[in-house]
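Below you'll find the structure, written out as structure tokens, and then a few comments.
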């Protein structure tokens, strides 16, 4: 379903490069499935910062609450992904620390050189 932007820039009849970006954003959203749309809108909200939900609602036609939820879902997924990477790094760090603390094996005592002459 096509949604035209209702922001003040796009409503103004004068040419503006921002109009192209808003049309491109809506075109791009139409090409995505629902899950990817949420990720993209969440990314845009995170990129634009706190309070951007109103502007994105005007551009995309999404409800502000849906945009907030999309941003939070993306942030949660990124945090979980970061924790996974951090935990993998933590395990590797523990392994390296354990190797560093390990007592090296002593080589076997050399037999007395005198016996083998």
Could you list, ordered by first residue, the pairs with Cβ atoms under 7 Å in which the first is in the stretch 46-66 and assigned to a loop (DSSP other than H, G, I, E, B) and the second is surrounded by fewer than 16 Cβ atoms within 10 Å (Cβ to Cβ), at least 6 apart or interchain? 61/3
Residue match in the stretch 53-71 (condition: modelled with pLDDT under 95 and within 11 Å of the chain's Cα centre (by Cα)): yes
When the stretch 1-35 is checked residue by residue, the ones that are under 18 Å from residue 47 (Cβ atoms), free of Cβ contacts under 8 Å to residues at least 12 places away in the same chain and in a loop (DSSP other than H, G, I, E, B) are 32
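The values are calculated or read from the model by the stated rules, or taken from the named source; none is laboratory data. Computed from a predicted model, the values in this text were never measured in an experiment. Heads up, the Cβs are rebuilt from the backbone with ideal geometry, glycines too, and the neighbour counts pull from every protein chain shown.
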